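Encoded as structure tokens, the structure appears first; notes follow it.
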Amino acid sequence: MSDTPRLPVLVTGGAGYIGSHTAVALYEAGFLPVLLDNLHNSSLQAVEGVKTLCEADVPFAQVDVCDREALSSVFEQHSSEDAPFAGILHFAAHKAVGESVAHPAMYASNNVGGLGTLLEVAESHGVRNVVFSSSCTVYGEPETVPVNEDAPFQHAESPYGWTKQASERVLADHAATHPAHRVALLRYFNPVGAHPSAAIGELPLGVPNNLVPFLTQAAAGIRGALTVFGGDYPTADGTCIRDYLHVMDLAEAHVSALQWCLAQDSEAHVVRAFNLGTGQGASVLEVIEAFERATGETVPHTMGDRRAGDVMAIWADPSRAEKELGWSAKRSLETSMADAWRWQQALKTR
Ligand code: NAD
Ligand code: UFG
């Protein structure tokens, strides 16, 4: 390792699922991730996992991004005029679609309000690079698949989806009023899996809403059978199709996006959206089969009704990310499933 000091990077939501994996990828790439999280949907266990994997005392602040004073003090403590944060990776947000329908104002104030506060504080500390966690939710039910970044936004199906559309707009408008601001809007498809060490992974609270955490818990006998939501869609096997990408591939995409921000030499502002997916769709039944192939375990499952609000089929055209960020997903669905299972088994022993 060279003696060049590591550039500090603020990682909001750094104790969360994607933020913690990205912190490890950032450290491996030579940056110093500074983790910030209010632990609303995470625990210190993830922070400890990051420190273990980095073999370093990675800084962590238990702070809410909506708390302007506390946020400012993190900037003051970990960055300076001479060495501002090289960028902000902004993961901190509420992310449960169903909860957002029940509590739209909470989603607006945390996801959009939190972003506004963060941008104001960042501005006063001279930070110009932002990598934002957006979602393929912004596309709604796309007219054609694979979907590319020029596809129009559809009416947001949920307040959560609206917060991602609104946040993209806030970021674009903010950058447009400031020269040399660089913003990467990362539209994730479906992140799954865990770090192969099983030191960090997804920690859903209560009954998981998402497919893979439910599937691994069903295979482990913690839950009853997995319900496949809808077997009568006009797809090859009747079940919904998504683009599942390994969380470490997604983590590495953030490093590429930050490096892309740092490489822009224009004095004009730059705002660019990137789809992050594998480019391959997999049906719910194909995910179950991939899990069974990868682990030798059986997933008890039954066919159920469609889930309200589900898009039938969506997968990414990730060619822009490949061309402009030099990133593409490398890990297979089987690898994702094997890593998700290893993490599920590690959880049992904790
Ligand atoms: P997560 O819940 O595991 O992580 C988000 C973290 O942000 C949590 O640790 C939570 O405690 C923290 N947080 C929330 N509000 C905060 C606040 N006001 N101040 C400080 N910390 C706060 O979720 P994740 O899956 O890691 O998602 C990260 C980001 O990616 C989110 O913005 C989410 O909307 C987006 N995203 C996730 C998915 C997915 O399927 N997981 C898909 C698309 C987009
Ligand atoms: N599914 C089941 N049974 C379950 C859970 C899910 O059949 O118990 C199916 C769903 O119907 C869907 C697929 O598995 O067809 C994937 O569902 P997830 O809930 O795992 O993921 P979604 O595609 O619905 O949404 C996720 C996140 C959103 C994010 C979106 C796009 O929950 O926050 O990916 O990135 F915005």
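Relative to the dominant Cα principal axis of the chain, helix 44-54 is inclined by about 70°.
Among the GluC sites (Glu not before Pro) within the stretch 30-112, those in coil by DSSP and having at most 11 neighbouring Cβ atoms inside 10 Å are Glu55, Glu81. In percent, rounded to a whole number, the relative contact order of the stretch 1-136 is 27, using alpha-carbon pairs under 8 Å and six or more apart. Potential lengthening of the chain between Lys323 and Ala105 amounts to 74.7 nm, from the contour at 0.36 nm per residue minus the alpha-carbon distance. Extending 7 Å from Cα along the Cβ direction at Glu297 and again at Ala70 yields two label points whose distance is 3.5 nm. Remark: the chain carries a charge dipole of roughly 480 debye about the Cα centre, counting +1 on each Lys and Arg Cβ and -1 on each Asp and Glu Cβ. Among the trypsin sites (Lys or Arg not before Pro) within the stretch 274-325, not one is in coil by DSSP while having at most 11 neighbouring Cβ atoms inside 10 Å.
Other residues within the sphere of radius under 9 Å centred on the Cβ of Ser135, judged by their own Cβ, net out at +3 (K and R +1, D and E -1). Around the amide H of His246, modelled in the peptide plane, lie the amide H atoms of Val192, Arg331, all under 5 Å away and 5 or more residues distant in sequence or on another chain.
Against the chain, whose longest principal axis comes from its Cα atoms, helix 284-295 is set at around 90 degrees. Distances between placed amide hydrogens fall under 5 Å for Val271 paired with Val183, all partners being 5 or more residues away or on another chain. Sorting the segments 86-96, 331-341 by their mean number of nearby beta carbons within 10 angstrom, highest to lowest, gives 86-96, 331-341. Using the Karplus relation 6.51 cos²θ - 1.76 cosθ + 1.60 with θ = phi - 60°, the per-residue 3J(HN,Hα) values for the stretch 176-191 come to 5, 9, 9, x, 6, 8, 10, 10, 10, 9, 9, 9, 6, 8, 10, x Hz, with x marking Gly and Pro.
Translational diffusion of the stretch 268-310, estimated by Stokes-Einstein from the Kirkwood radius over alpha carbon pairs at 4 °C in a medium of 1.567 mPa s, is 92 µm² per second. Amide H to amide H, with H built 1.01 Å from N, Tyr188 comes under 5 Å of Ser134, Ser135, Cys136, Leu276, counting only residues 5 or more places away or on other chains. Each of Val63, Val299, Met337 was scored by the projection of its Cα onto the charge dipole of the chain, and the greatest displacement toward the positive side belongs to Val299; charges sit on the C-beta of Lys, Arg, Asp and Glu. Taking every DSSP bridge with both residues inside the chain, close to 5 percent are antiparallel. Using the Karplus relation 6.51 cos²θ - 1.76 cosθ + 1.60 with θ = phi - 60°, the per-residue 3J(HN,Hα) values for the stretch 61-71 come to 10, 7, 9, 9, 5, 7, 8, 4, 5, 5, 5 Hz, with x marking Gly and Pro. Expressed as a whole percent, the accessible surface of the chain that belongs to carbon and sulfur atoms is 50, based on a 1.4 Å probe. Distance between the 7 Å Cα→Cβ label points at Ser43 and Phe153: 3.6 nm. Ranking Asp3, Asp243 from most to least accessible surface, computed with a 1.4 Å probe over the protein chains only, gives Asp3, Asp243. Just how large is the dipole of the stretch 218-294 about the Cα centre, in debye to the nearest 20, putting +1 at every Lys and Arg Cβ and -1 at every Asp and Glu Cβ? Result for the stretch 218-294 is approximately 200 debye, rounded to the nearest 20. Relative contact order, whole percent, for the stretch 81-218 stands at 27, derived from Cα pairs under 8 Å and 6 or more residues apart. Each eigenvalue of the Cα gyration tensor of the stretch 203-350, multiplied by 5 and square-rooted, gives one semi-axis; in descending order these are 32, 19, 13 Å.
For the chain, the 222 nm mean residue ellipticity estimated from helices alone, with every DSSP H stretch of n ≥ 4 adding -39500 (n - 2.57) and the total spread over all residues, rounds to -11000 deg cm²/dmol.
Seen against the Cα atoms of the chain and their longest principal axis, helix 247-263 is set at about 30 degrees.
Applied to the stretch 28-38, the Karplus parametrisation 6.51 cos²θ - 1.76 cosθ + 1.60 on θ = phi - 60° returns per-residue 3J(HN,Hα) values of 4, 8, x, 8, 10, x, 10, 7, 10, 7, 8 Hz, with x for Gly and Pro. Along its three principal directions, the equivalent ellipsoid of the stretch 127-186 from the Cα gyration tensor extends over semi-axes of 23, 12, 9 Å, largest first. A Cβ-based charge dipole, computed about the Cα centre of the stretch 21-180 with Lys and Arg at +1 and Asp and Glu at -1, lands at about 160 debye.
Report note on the peptides 231-237, 258-264, 311-317: ranked by the mean count of other C-beta atoms within 10 Å, highest first, their order is 311-317, 258-264, 231-237.
The values are calculated or read from the model by the stated rules, or taken from the named source; none is laboratory data. Since this is a predicted model, take the numbers as computed values, not measurements. Don't worry about glycine lacking a Cβ; one is built from the backbone with ideal geometry, like all the others, and counts go over all protein chains shown. Just the protein is used for accessible areas: all its heavy atoms, side chains included, with ligands, DNA and RNA removed. Shrake-Rupley method; radii C 1.70, N 1.55, O 1.52, S 1.80 Å.
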